[in-house]
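The values are calculated or read from the model by the stated rules, or taken from the named source; none is laboratory data. This is a predicted model, so every value here is computed, not measured. A quick note on method: Cβ atoms are made from the backbone with ideal geometry, for glycine too, and the neighbour counts reach across all protein chains shown.
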Amino acid sequence: MQFLLHPQAVHFPVALWLTSALLDLLYVRRRDPFHFRAARGLIGLGLLGAVVSIATGFADALPLVAEGVGQAFVDRHRVHQVFAYLSTLMYAVSFLIRWRRPSVGSAVVAALMVAGAALIAVTGWLGGELRLVM
């Protein structure tokens, strides 16, 4: 068995994005622009971390498949990948909206926060479940 990089790298975007959700809640509650800007910054940093996480996910999965980890792993990994891409896309859209339209309303911020947090939670759960089929 090889040393896997993805499980270590993935915690950064997840933590940054979920912390941005806390700042979004504070923004919706208090309307302090600092919380809005800080959440946007964390989302941007999380996007950079997501690039590393996705790359290490590929780097870790390819040798496992070559070693014959099995079709169940490949199938579940594919579902995990789709959710990872959707999460990253959701946060990229959120970042762009916040960057291009800083006057966006709190309802939009709340909707983006709930959708992003839900997607990243499902993605993380699916990733953890991959260990069951290895």
- Taking VAL122, is it under 10 Å from the mean Cα position of the chain (by Cα), at pLDDT 95 or above and either farther than 16 Å from GLY46 by Cα or surrounded by fewer than 12 Cβ atoms within 10 Å (Cβ to Cβ) (or both)? yes
Report task. State yes or no: is ILE120 farther than 16 Å from PRO7 by Cα and part of a helix (DSSP H, G or I)? Result -> no
If we keep only residues of region 1-56 that are of a type outside the set (Lys, Arg) and not in a helix (DSSP H, G or I), then the residue nearest to ILE97 (Cα to Cα) is ASP32
Result of the Cβ filter at 8 Å on region 6-31, keeping first residues that are under 15 Å from VAL114 (Cβ atoms) and partners that are charged (D, E, K, R) and at pLDDT 95 or above, at least 6 apart or interchain, is SER20/ARG40
Residue pairs within 7 Å by beta carbon, gap of at least six or interchain, first lying in region 46-65 and more than 14 Å from HIS11 (Cα to Cα), second of a type in the set (S, T, N, Q), listed first then second, are PRO63/GLN2
